[in-house]
1. I need the full set of residues from the stretch 187-215 which are away from the ligand (no atom under 15 Å from the Cβ) and touching a strand residue (DSSP E or B) at 6+ places or on another chain (Cβ under 7 Å), in order please.
2. Would you be able to say whether some residue in the stretch 220-235 is more than 20 Å from PHE42 (Cα to Cα) and either under 14 Å from the mean Cα position of the chain (by Cα) or within 12 Å of the ligand (Cβ to nearest atom) (or both)?
3. Can you tell which of GLY178, GLY196 is in contact with a Leu (Cβ under 9 Å, 6 or more places away or on another chain), of a type in the set (Gly, Ala, Ser) and closer than 17 Å to PRO30 by Cα?
4. Return yes or no: is PRO112 touching a helix residue (DSSP H, G or I) at 6+ places or on another chain (Cβ under 6 Å) and closer than 22 Å to TRP36 by Cα?
5. Given the criteria in contact with a strand residue (DSSP E or B) (Cβ under 6 Å, 6 or more places away or on another chain), more than 14 Å from LEU209 (Cα to Cα) and basic (Lys, Arg), does ARG109 qualify?
6. Mind checking which pairs have a first residue in the stretch 28-47 that is acidic (Asp, Glu) and a second that is surrounded by 12 or more Cβ atoms within 10 Å (Cβ to Cβ), Cβ under 6 Å, 6 or more apart or different chains?
7. In contact (Cβ under 8 Å) with a residue 60 or more places away in the chain and more than 14 Å from GLY208 (Cα to Cα): does that describe SER80?
8. Considering the stretch 67-122 alone, what residues qualify as being touching an Asp or Glu at 6+ places or on another chain (Cβ under 7 Å) and farther than 21 Å from LEU174 by Cα?
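No lab work stands behind these numbers, since they all come straight from the coordinates. Remember, it's a predicted structure, so these values are computed and weren't measured experimentally. Here the Cβ positions follow ideal geometry from the backbone for every residue, glycine too, while neighbour counts run over all protein chains shown.
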Amino acid sequence: MFPVVTAGDVINISGCFERSVMTWIDLGNPAPKSEWDRYDLFQWETGQLQRLTVGSSPPSPAILDLLRQRRTKRQFWPLSDIELSDFFWHACRCREAWPSEMGFDLEHRAAPSAGAIHPIHVVINRPGNAQWWLYEPHGHFLVELPTATSLFSGLRSHSQTVLDAPDATRLLLLAEPGKTLAKYSDGCSLVWRDAGALLGVMALTAEGLGLSFCPLGITGEPWASSLAKQGKLMGVGLALLGSASGTSVR
Ligand SMILES: Cc1cc2nc3c(=O)[nH]c(=O)nc-3n(C[C@H](O)[C@H](O)[C@H](O)COP(=O)(O)O)c2cc1C
């Protein structure tokens with residue numbers, strides 16, 4: 001158990017051993033605000049659009065078998081368009097949306113999200129290609145983010161140094177924290193927990209579809225937030241996704 005701490009944003013906790021000092025950042029205790037704020041969503045600058053196919057339902061193990069089988073896999077081959085479509089269809093698409101007083105819709109997706117707000121966007125970069133694409137969970141399509149090509153080139157090479165996987169598709173989890181903070185005071189930890197929940201769902205989806213998946217410990221910063229001049233976006237994680245064999249590109 002950690003000692004109970006009450007003050008300060010950054011807390012140094014000395015453990016039993018002299019040399020072990022842990023820094024724990026206190027993100028506060030989230031609570032719904034008495035009156036929710038209105039929030040203006042980030043306005044994306046977009047380019048080309050790529051429609052994805054409706055997800056197929058390949059035979060997959062039952063969820064309890066998946067939980068038993070799931071392993072991080074670090075060998076990647078290029079994904080086929082169908083594999084990528086299936087992954088997004090099952091892990092990320094919006095299944096139901098309804099309006100809120102905060103200026104954006106609340107949603108049901110496969111992953112749970114605090115307040116049904118879903119503040120995390122998924123932006124992808126395919127192997128051997130400098131373009132980055134935003135997954136649009138309402139219409140199930142990808143839309144190019146032209147400015148990200150140069151802004152995120154350093155992120156491509158940085159993630160490559162973390163795990164050498166030239167044939168993997170990079171998934172950047174790009175949060176729009178203002179959505180969650182419109183409803184919750186001290187809501188930053190909710191965004192991080194949403195990122196963890198999403199990674200878990202992605203990992204199980206990849207396992208169910210027979211794909212390779214590996215989360216990375218880096219957040220995507222400082223590149224991720226540079227996309228939004230208004231300071232509305234923040235990187236909350238990266239993951240690698242790929243085909244588990246070299247024969248499936250269609
Ligand atoms: C938040 C998080 C960050 C991770 N970062 C990395 C990473 O940077 N590089 C890597 O090879 N694996 C990374 N992993 C994968 C873990 O190393 C892996 O889950 C762990 O070794 C247990 O193996 P398993 O997933 O097969 O059970 C990460 C996992 C999580 C949840």
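1. LEU190
2. no
3. When all the criteria are applied, what remains is GLY178.
4. So PRO112 fits the description; yes.
5. Criteria not met by ARG109.
6. Pairs that qualify, where the first residue is acidic (Asp, Glu) and the partner is surrounded by 12 or more Cβ atoms within 10 Å (Cβ to Cβ), are ASP37/ALA182; GLU45/THR147.
7. Spelling it out, SER80 is indeed in contact (Cβ under 8 Å) with a residue 60 or more places away in the chain and more than 14 Å from GLY208 (Cα to Cα).
8. GLN69, ARG70, PHE76, TRP77, PRO78, GLU96, TRP98, PRO99 - these are the residues of the stretch 67-122 that are touching an Asp or Glu at 6+ places or on another chain (Cβ under 7 Å) and farther than 21 Å from LEU174 by Cα.
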